[in-house]
Amino acid sequence: DTGVTQSPTHLIKTRGQQVTLRCSPISGHKSVSWYQQVLGQGPQFIFQYYEKEERGRGNFPDRFSARQFPNYSSELNVNALLLGDSALYLCASSLRDGNQPQHFGDGTRLSIL
Amino acid sequence: AQSVTQLDSHVSVSEGTPVLLRCNYSSSYSPSLFWYVQHPNKGLQLLLKYTSAATLVKGINGFEAEFKKSETSFHLTKPSAHMSDAAEYFCVVSERGFQKLVFGTGTRLLVSP
């Protein structure tokens, strides 16, 4: 089985730009969550989507948005990038909502200059 | 609010000796607890999870953890460390029935020959 795939693997942007990160869940998984991991810290929850609906949102500004498509893939968008947005962005998928094991991709490393 | 505290930022062991990574949790509800491992430049891999069944949880690669409600602890152990165990380990809590994971700050395990 193919695991969770994220693209791109690395990205360099400048302050004020916009970025879109992509995630393809494991086949059959309907829930996707996004996390931000700043260097030296644990991941922080950004969003969860299930069946194309937002089911949870972490403490992030409105510059962060996401969506889930009919094939259950997902995009995370960040507008007006700040230096502090430099991080590893992780996507996780699970079969359903609720207490299901979450499987993580290898992440997208975003660097802001 | 839920939180986890990982009591050691770094743990150093010799190959073949026991591993103990300590975690205390705080939760207003019956929690689900997890340990994840992250190798350099990789995503997160689930080692084990506790969701109110047996208090001693066995995971992959010889790891296990014991849920102690009276001590609000969920320590991770392994009888004999391997070089391949060197990685960052995260203790994680979630409210049962919800997907949002709350991560600790991580413990870096160093294994020397």
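Burial of accessible area (probe 1.4 Å, heavy atoms of protein chains only) in segment A:11-56, relative to its chain alone, reaches at least 30 Å² for A:35, A:37, A:42, A:43, A:45. In loop segments of segment B:40-94 as defined by DSSP, the trypsin sites (Lys or Arg not before Pro) with at most 13 further C-beta atoms inside 10 Å of their C-beta are B:69. Remark: relative contact order (segment A:5-112) = 37 percent; criterion is Cα-Cα distance under 8 angstrom and separation of 6 or more residues.
Shape class for chain B: prolate, because the ratio a/c of the largest to smallest gyration tensor axis (alpha-carbon atoms, square roots of eigenvalues) is 1.5 or more and a/b beats b/c. Surface composition of chain A: carbon plus sulfur atoms hold 47% of the accessible area, using a 1.4 angstrom probe and ignoring ligands, DNA and RNA.
Averaged per residue, segment A:12-113 has 45 square angstrom of accessible surface, using a 1.4 angstrom probe with ligands and nucleic acids left out.
Each 10 Å bin from 0 upward holds the following percent of the Cα-Cα pairs of the protein assembly as shown: 8, 33, 35, 20, 4, 0. Annotation for segment A:65-113: trypsin sites (Lys or Arg not before Pro) lying in DSSP loop with at most 13 further Cβ atoms inside 10 Å of their Cβ are A:96. Give me the percent of accessible area attributable to carbon and sulfur for segment B:3-112, probe 1.4 angstrom. In segment B:3-112, the share of accessible area belonging to carbon and sulfur is 52 percent.
In summary, chain A shows an alpha-carbon radius of gyration equal to 0.99 times the 2.2 N^0.38 Å reference for compact globular proteins.
Ordered from largest to smallest accessible area (heavy atoms of protein chains, 1.4 Å probe), the residues A:97, A:85 come out as A:97, A:85. Taking a quarter of the surface of the Cα convex hull of segment B:60-100 gives a mean projected area of 4.1 nm². With 5 Å bins from zero, work out the P(r) of segment A:49-113 over every alpha carbon pair and list the percent per bin. Cα pair-distance distribution for segment A:49-113, in percent: 4, 14, 24, 26, 18, 10, 4, 0. Interface size, chains A and B: roughly 1600 Å² of accessible area buried, both sides included, 1.4 Å probe, rounded to the nearest 100.
How high is the relative contact order of segment B:3-112, in percent, counting Cα pairs under 8 Å that sit 6 or more residues apart? Walk me through the numbers before you get to the answer.
On the way: 279 pairs, mean separation 41.9, N = 110.
That works out to 38 percent.
The values are calculated or read from the model by the stated rules, or taken from the named source; none is laboratory data. Every value quoted in this text rests on a predicted model; they were computed, and no experiment measured them. Cβ sites come from the backbone with ideal geometry, for glycine too, and all protein chains shown count toward neighbours. Areas reflect the complete protein model, heavy atoms only, side chains present, ligands, DNA and RNA absent. Shrake-Rupley method; radii C 1.70, N 1.55, O 1.52, S 1.80 Å.
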